[in-house]
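A.B. asks: Starting off with a structure, shown below.
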Amino acid sequence: MADSFDLLLTGGTILNPATKLDEKLDVGVTGDRVTAIQANLPRATAKKTLDVTGCYVTPGLVDFHVHSYWGVNPYGSNLDSLCLATGVTTTMDAGSAGPVNFLGFRKLVYEQSKTRMLGFVALAQHGVLNTPGELLNLGFADSEGAADTVGNNRDIGVGIKVRLHKKSIGENSREALRLAIKAGEATRTPIMVHVGDTAIGMDEIAETLRPGDIITHCYTPQRPSIIDNAGKLLPQVRKAKERGVIFDVGHAGGHFDFNLVERAMGDGLLPDIISSDLHSRLAQPGFGVVGDLSTVLTKFLPLGLSFEQIIANCTVNAARAVGWQDRIGSLEVGREADIAVLQILDDPVMLRDSVGAEKLHRQRIAAKWTIRGGEVFQGRG
């Protein structure tokens, strides 16, 4: 244990799902590292002390699905300040850059941001587009290029992204999925698959994916869905979950339906990862029904997840999904000091989904402070 600390967090409850720690302890930070987690750490030698009484101290949150290649990609948004005000210390960009422009993502986003901004490399050469869709012409699919890009950028490239909805890909879903899996196999990384309004069925998608591959927008109301017309989980989706396919919320403006979530969760499909899909095309101000990751997390309180389950979904589960569990997603001595100081406020909030439904909940999750690499940022509360 260090003799003195640059930063000391006192009085809070440490909630670290990765190690099953849920206890009232102090946290000492020296430089950019966590150097102590124990009760009653000495206050006198700390350069800065934050009284976090009544708060949960968790690993820095991971927003697993965003679009942060701002100024270049049509979906890109400058998310750095928002992340640091909402407990988010790491994001995963969902394919805003492809093989021909991932270097730009590195230079303009990753290297310029205080938030750790990692990325899935798009199968499409130039990343995801709006109009026309990026793979309406399958000639723009570059499996080898995507694999090479991940291989040459292991410090920030975490996998392969492909969007299968018709607007992006037309009738090319089946071949694009094959090419994405080929790239994933070459790099031994997961593929993230955007579902909703696809030309092939969810049953086929679920059967095709490998353990560790990711279905994002898993609760989309767009057809084909993970549930059948009777509201029951598709058997192929259930089997995919059982063999290790990962289900990511990816809320966005059009991919979250309270009724569908309740039916799917009631039939056994809990999310593995909760993410926002923040991007520039969401209704402004405030990113529409998404708001921020804290708002999306809050929606799962009335849906029945415990606070610990919710935090696991945006820390250790997200880290494991891309093989980064030894670097992010856990609050431990020796790790980089990426920390979220969160509150559950008794502050009634109206929560909205993508189809106009509303839920009034008596509490909301909010960040009081975010610590990224030992640096303190004020939360938006």
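A.B. asks: Scan (1) surrounded by fewer than 21 Cβ atoms within 10 Å (Cβ to Cβ); (2) touching a helix residue (DSSP H, G or I) at 6+ places or on another chain (Cβ under 9 Å); (3) outside the structural domain of A97 (by TED's automatic domain parsing) for the single condition L303 breaks and write down its number.
C.D. replies: Answer for L303: the failing condition is (3).
A.B. asks: Which count do you get for residues in the stretch 52-83 that are of a type outside the set (G, A, S) and under 22 Å from G334 (Cα atoms)?
C.D. replies: Total meeting the criteria: 7.
A.B. asks: Would you check which residues across the stretch 221-248 are under 16 Å from N317 (Cβ atoms), without any contact (Cβ under 8 Å) to a residue 60 or more places away in the chain and of a type in the set (A, V, I, L, M) and list them?
C.D. replies: Of everything in the stretch 221-248, just one residue is under 16 Å from N317 (Cβ atoms), without any contact (Cβ under 8 Å) to a residue 60 or more places away in the chain and of a type in the set (A, V, I, L, M), namely V245.
A.B. asks: Restricting attention to the stretch 242-254, report how many residues are in contact with a strand residue (DSSP E or B) (Cβ under 9 Å, 6 or more places away or on another chain) and surrounded by fewer than 24 Cβ atoms within 10 Å (Cβ to Cβ). Before you say what the answer is, go through the steps one by one.
C.D. replies: Of the stretch 242-254, the ones in contact with a strand residue (DSSP E or B) (Cβ under 9 Å, 6 or more places away or on another chain) are 245-252.
Narrowing further to those that are surrounded by fewer than 24 Cβ atoms within 10 Å (Cβ to Cβ): 247.
Number satisfying all stated conditions: 1.
A.B. asks: Determine whether the stretch 319-329 contains at least one residue that is of a type in the set (K, R), buried (at least 21 other Cβ atoms within 10 Å of the Cβ) and outside any loop (DSSP other than H, G, I, E, B).
C.D. replies: No, the conditions are met nowhere in the stretch 319-329.
A.B. asks: Looking at L136, L129 in this structure, which one is hydrophobic (A, V, I, L, M, F, W, C), surrounded by fewer than 22 Cβ atoms within 10 Å (Cβ to Cβ), at pLDDT below 95 and assigned by TED's automatic domain parsing to the domain that holds N78?
C.D. replies: Details: L136 fails: at pLDDT below 95.
When all the criteria are applied, what remains is L129.
A.B. asks: Would you point out which residue out of R281, R223 is part of a loop (DSSP other than H, G, I, E, B), assigned by TED's automatic domain parsing to the domain that holds T89, of a type in the set (K, R) and within 20 Å of C83 (Cβ to Cβ)?
C.D. replies: On the way: R223 fails: within 20 Å of C83 (Cβ to Cβ).
Answer to the selection: R281.
A.B. asks: Can you tell me which residue among G157, G170 is surrounded by fewer than 17 Cβ atoms within 10 Å (Cβ to Cβ) and of a type outside the set (S, T, N, Q)?
C.D. replies: Of the residues listed, the single one that is surrounded by fewer than 17 Cβ atoms within 10 Å (Cβ to Cβ) and of a type outside the set (S, T, N, Q) is G170.
A.B. asks: Still on this structure: Does the stretch 260-267 contain at least one residue that is over 25 Å from Q343 (Cβ atoms) and in a loop (DSSP other than H, G, I, E, B)?
C.D. replies: Yes, some residue in the stretch 260-267 is over 25 Å from Q343 (Cβ atoms) and in a loop (DSSP other than H, G, I, E, B).
A.B. asks: To continue, here is another question. List the number of the failed condition for Q309; all other conditions in (1) within 28 Å of P211 (Cβ to Cβ); (2) outside any helix (DSSP H, G or I) hold.
C.D. replies: Evaluating Q309 over (1) within 28 Å of P211 (Cβ to Cβ); (2) outside any helix (DSSP H, G or I) leaves (2) as the failure.
A.B. asks: Filter the stretch 352-377 down to residues that are in contact (Cβ under 8 Å) with a residue 60 or more places away in the chain and of a type in the set (K, R) and give me whichever is surrounded by the fewest Cβ atoms within 10 Å (Cβ to Cβ).
C.D. replies: My answer is K359.
A.B. asks: One residue is enough: does the stretch 332-351 have a residue meeting the conditions small (G, A, S), in contact (Cβ under 8 Å) with a residue 40 or more places away in the chain and part of a loop (DSSP other than H, G, I, E, B)?
C.D. replies: Among the residues of the stretch 332-351, at least one is small (G, A, S), in contact (Cβ under 8 Å) with a residue 40 or more places away in the chain and part of a loop (DSSP other than H, G, I, E, B), which makes the answer yes.
Here is a yes/no grid of residues against (1) assigned to a loop (DSSP other than H, G, I, E, B); (2) touching an Asp or Glu at 6+ places or on another chain (Cβ under 8 Å):
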{"residue": "C218", "(1), (2)": "yes, yes"}
{"residue": "N229", "(1), (2)": "yes, no"}
{"residue": "Q236", "(1), (2)": "no, yes"}
{"residue": "A240", "(1), (2)": "no, yes"}
{"residue": "F256", "(1), (2)": "yes, yes"}
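A.B. asks: Still on this structure, I have one more. Every residue in the stretch 90-118 that is closer than 23 Å to A318 by Cα, surrounded by 24 or more Cβ atoms within 10 Å (Cβ to Cβ) and of a type outside the set (A, V, I, L, M), please.
C.D. replies: Residues satisfying the conditions are T90, T91, D93, G95, S96, G98, F102, F105, T115.
A.B. asks: Right, here's the next one. Which one of these is within 30 Å of T30 (Cβ to Cβ) and either within 15 Å of the chain's Cα centre (by Cα) or charged (D, E, K, R) (or both): E375, E358?
C.D. replies: Testing whether each residue is within 30 Å of T30 (Cβ to Cβ) and either within 15 Å of the chain's Cα centre (by Cα) or charged (D, E, K, R) (or both) leaves just E375.
A.B. asks: Please go through the stretch 333-351 and give me each residue that is loosely packed, with under 15 Cβ neighbours inside 10 Å and farther than 18 Å from V296 by Cα, ordered by number.
C.D. replies: Matches in the stretch 333-351: V333, G334.
A.B. asks: Sticking with this one: Given G196, G212, which one is of a type in the set (G, A, S) and either touching a Lys or Arg at 6+ places or on another chain (Cβ under 7 Å) or under 22 Å from A319 (Cα atoms) (or both)?
C.D. replies: After applying the criteria, what remains is G212.
A.B. asks: Another question, if that's okay. Checking V296 against (1) exposed (fewer than 15 other Cβ atoms within 10 Å of the Cβ); (2) assigned by TED's automatic domain parsing to the domain that holds W70; (3) not in a loop (DSSP other than H, G, I, E, B), only one condition comes out false. Which one?
C.D. replies: Here V296 meets the rest and fails (1).
A.B. asks: Determine, yes or no, whether G288 is within 26 Å of G254 (Cβ to Cβ) and modelled with pLDDT under 95.
C.D. replies: Working: within 26 Å of G254 (Cβ to Cβ): yes; modelled with pLDDT under 95: yes.
Taking the combined requirement at face value, the residue satisfies it.
A.B. asks: So, G184, is that one of a type outside the set (S, T, Y) and either farther than 18 Å from V245 by Cα or free of Cβ contacts under 8 Å to residues at least 24 places away in the same chain (or both) or not?
C.D. replies: no
A.B. asks: Going by what's in this entry, would I200 be described as touching a Ser or Thr at 6+ places or on another chain (Cβ under 6 Å), surrounded by 15 or more Cβ atoms within 10 Å (Cβ to Cβ) and free of Cβ contacts under 8 Å to residues at least 60 places away in the same chain?
C.D. replies: Here the answer is yes, as I200 does meet what is asked.
The values are calculated or read from the model by the stated rules, or taken from the named source; none is laboratory data. On a predicted model such as this, the values are computed, not experimentally measured, just so you know. Quick reminder, even Gly has a Cβ in these numbers, built from the backbone with ideal geometry, and neighbours come from all protein chains shown.
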